[in-house]
Structures are given as structure tokens and as C-alpha cells.
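Q: The following block contains the structure, expressed as C-alpha cells.
The values are calculated or read from the model by the stated rules, or taken from the named source; none is laboratory data. All values derive from a computational prediction rather than experimental measurement. Please note: Cβ atoms are built from the backbone with ideal geometry, for glycine as well, and neighbour counts cover all protein chains shown. Heavy atoms of the whole protein, side chains included, go into the accessibility calculation; ligands, DNA and RNA do not. Shrake-Rupley method; radii C 1.70, N 1.55, O 1.52, S 1.80 Å.
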Amino acid sequence: MEIQLWKDILNPYELAVNELLVKFNHLIKEHRERGIYSPIEQVNGRVKSISSILDKAQKKKIEIEHIEEEMDDIAGIRIICQFVEDIQKVVEIIRNRTDMRVLSEKDYINHMKSSGYRSYHMIVSYSVETLAGTRHIKVEIQIRTLAMNFWSTIEHSLQYKYKKHMPDHIREKLSRAADAIIVLDNEMSSVRSEIMDAQNSFQIQANLVRDILNNIQNLYHVANQREIAKIQDEFYRIYEANDIEQLKRFHRELDIIAEGYRAQVFE
Ligand code: 0O2
């Protein structure tokens, strides 16, 4: 196939991947801005390279004219979670979305592959608007923990290095490493609530400091210098005390002061 034709075929896939990255990243941002724990830690995406498409088509005996119908992972999104429990939450989020339709699911978390590979796969249909009209694109979404991702990235490189001839001793090491990943994920799950609490209070504190600094900056335009200096000193004192309750109280007080100035402007 000509390079230009490949470009035409792959363009809508690129659009789908880019749009989905924006949407999933926005979901992370919304959680963080509200100071609530995000089940999605990070998200990556890619369009399969032409050489990988050709390799897979050859391996699976797919004719080039049929790759779009028969290859589910030309567009791929990978969602990384901190904890195993988060994976099901992400699956639910995707099932409930109205901008994508789930076509199939594979649970390699509860049904680990013989290689030791674990991940949750969903194939969804996602619509993009192109010059040629609406296109329904199949996207493979892989959802896994940071630890599972570490294992599969290493294993994928070794698979690439050895092709079909991975030495037994490497395969055994990978299998033992896969077992260790299960233990690691379980250990992390047992301290999940403590870790989540710590991360949430960090995020709440970061949001409070951001709002307070915004308020102080706005007051610069309306309040007198002496008052601003006093407010700033008070902020540094409270910030150093590292007490979230004091920060919340200061935030409320600043809101009242800012409200007072706003009222004066409208008088
Ligand atoms: P790439 O290079 O990542 O794109 P199958 O019929 O089971 O051989 P199928 O039908 O493509 O494969 O579906 P499956 O099993 O859900 O696998 C899809 C993708 O999951 C793979 O794409 C890999 O990305 C990942 N995957 C599946 N099994 C393994 C594994 O044992 N190790 C690693 N590291 N990843 C795996 P591709 O096209 O094979 O590879």
C-alpha cells in the first residue's frame, strides 16, 4: 500500500487517540481539582506503527484490506492505576460513558495469561469527525497497575529481543517476577486507604494554597499595602505551621475580605 494511503487510513485513529488522551487527562484533572482521589494515575496512547500493523497482520493472517475490521488495537490507550481496586472503577467509568460503546472485554487480571501478563482490556467504538464525515474507530484500552505495567514493559522488550525463542531461564525469571508483582500489588492494596488519605490531604492542601494565593493576588489591586503585607505575613505563619484546619480557616477569612472589597466596588 502507498504511504499516502496508510496516512489516510491512520489519520482518524490518530484523532481518536488524541481526543481520548485529552478526555482521560481531563478526568484526572477534575478529580485533583476537587481534592478527590483519581483512580487513573496516568494515561498514554499511541497509533500502532505501520511495521507493527504489518507484523501483526502477517502473524494473524489478516489481509491488508481487512485490517480495519479485524485489527482491534490500531488505536491504543493505556490507563495506569496505582492500585488493583482502581482498575474496576476505571472499567465502570468507561462502561458508563456515552461517548464510547464497549464492544468486548478481556479480564487478564483475574485470568492471568500463561506468560504472566496481567491487564484489563476493553475494545470500544469511538466516533470521530473527519472531512469525510463521521468515522467509528475501534480503540483498545488497556488498564493496569503501575506494577503490572513495569512487568509487561520489560517482558515486551524481551519478547521483541528473543522473538519466539525466549530462553527457558529468562521465561522462568519473568514468571517469578509476575508472581512477585501480584504480592507487591496486594501489599500496596493493604495500605491503600492510608496512601489515599495522604495523597488526598496533599491535594487539598495544594488546592487551598493555590486559592489563597489567587485571592491575595486579586487583593493587590484593591486593598492597601499595609493590609496586604499583614495578610501575607499571616499566610506564611499559617503555611509554616503545616496545619490544614488553620489553612481552611484562613481561606474562609480571605474569602470574606475579598467579598467585602467586591461589594465596595459595586456600591
Ligand atoms: P503490541 O506490540 O503491544 O501492540 P492474542 O490473540 O491473545 O495473541 P490479541 O487478540 O491481539 O492477542 O489480544 P490480546 O491478547 O488482548 O493482546 C493485545 C495486546 O495486549 C498485545 O498487543 C499486547 O500489547 C498486550 N499483551 C497481550 N499479551 C501480552 C503478553 O503476554 N505480554 C505483554 N507484554 N503484552 C501482552 P500486540 O499487538 O500483541 O503487541
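Q: Between Leu103 and residues 5 or more places away or on another chain, which pairs have amide H atoms under 5 Å apart, with H built 1.01 Å from N, and which residues are they?
A: Ile123, Val124, Ser125
Q: Okay, moving on. Work out how far the C-alpha atoms of region 5-77 reach from end to end along every principal axis, then list the three figures in whole Å, largest first.
A: Principal extents (Cα only, largest first): 49, 23, 18 Å.
Q: Between Lys89 and Ile123, with labels modelled 7 Å along Cα→Cβ, what's the label distance in nm to one decimal, could you check?
A: 2.9
Q: How long is region 158-267 along each principal axis, judged by its Cα atoms, biggest number first, in Å?
A: Principal axes ranked by extent give 80, 29, 23 Å for the Cα atoms.
Q: Mind jotting down a quarter of the surface of the convex hull over the alpha carbons of region 48-134, in square nanometres, one decimal?
A: So the Cα hull casts an average projection of 7.6 nm².
Q: State log₁₀ I(q)/I(0) for region 214-267 at q = 0.14, 0.15, 0.18, 0.26 Å⁻¹ as given by the Debye formula over alpha-carbon point scatterers of equal weight, solvent excluded.
A: Per q value, in the given order, log10 I(q)/I(0) is -0.37, -0.42, -0.59, -1.06.
Q: Taking Cα pairs under 8 Å and at least six residues apart, what relative contact order does region 6-141 come out at, in percent?
A: Reported as a whole number, the value is 25 percent.
Q: Under the Karplus relation 6.51 cos²θ - 1.76 cosθ + 1.60, θ = phi - 60°, what is the ordered set of whole-Hz ³J(HN,Hα) values for region 201-214, x standing for Gly and Pro?
A: Coupling constants for region 201-214: 5, 4, 5, 4, 4, 4, 5, 4, 4, 4, 5, 4, 5, 4 Hz.
Q: Still on this structure, please answer the following. If you wrap a convex hull around the Cα atoms of the chain, how much volume per residue is inside, in Å³?
A: Considering the Cα atoms of the chain, their hull volume per residue is 204 Å³.
Q: At 1.4 Å probe size, what's the solvent-accessible area of Glu227? Round to the nearest 10 Å².
A: Per-residue accessible area (Glu227): approximately 60 Å².
Q: Taking the Cα centre of region 98-155 as origin, work out the dipole magnitude from +1 charges on Lys and Arg Cβ and -1 charges on Asp and Glu Cβ, in debye rounded to 20.
A: 120
Q: If you don't mind, there's one more thing I want to ask. Per residue of region 112-123, what does 6.51 cos²θ - 1.76 cosθ + 1.60 with θ = phi - 60° give for ³J(HN,Hα)? Whole Hz please, x for Gly and Pro, Karplus curve as stated.
A: Once rounded to whole Hz, the list reads 4, 5, 4, 5, x, 5, 10, 4, 10, 10, 10, 9.
Q: Amide H neighbours of Ile137 under 5 Å, at least 5 residues apart or on other chains, H built in the peptide plane: list them.
A: Amide H neighbours of Ile137, under 5 Å, 5+ apart: Tyr126, Ser127, Val128.
Q: Pick from Asn44, Asn207, Asn215: which is most flexible by mean-square fluctuation in a GNM of the chain where alpha carbon atoms under 10 Å apart are linked?
A: Maximum among the listed residues: Asn215.
Q: Net charge near Gln199, counting Lys/Arg +1 and Asp/Glu -1 over other residues with Cβ under 13 Å of its Cβ?
A: Net charge in that neighbourhood comes out at -2.
Q: Sticking to Cα atoms, compute the Rg of region 1-153 to one decimal and its Dmax as the biggest Cα-Cα distance, whole number, in Å.
A: Gyration radius and largest Cα-Cα distance of region 1-153: 16.1, 50 Å.
Q: Still on this structure, please answer the following. Considering the dipole of region 86-239 built from charges on the beta carbon (Lys and Arg +1, Asp and Glu -1) around the Cα centre, which of Ile216, Ser104, Val183 is farthest to its positive end?
A: Of the candidates, Ser104 comes out farthest on the positive side.
Q: Okay, moving on. Taking H as built 1.01 Å from N, whose amide H comes closer than 5 Å to the amide H of Ser115, not counting residues under 5 places away?
A: Correct list: empty.
Q: Which GluC sites (Glu not before Pro) from region 53-130 combine a DSSP loop assignment with at most 12 other Cβ atoms within 10 Å?
A: Glu63
Q: Would you mind giving the average projected area, over all directions, of the Cα convex hull of region 89-142 in nm² with one decimal?
A: 4.4
Q: Continuing with this model, one more query. For Tyr236 and Ser189 in the same chain, what is the full-extension length gain: residue separation times 0.36 nm, less their Cα-Cα distance, in nm?
A: 13.3 nm
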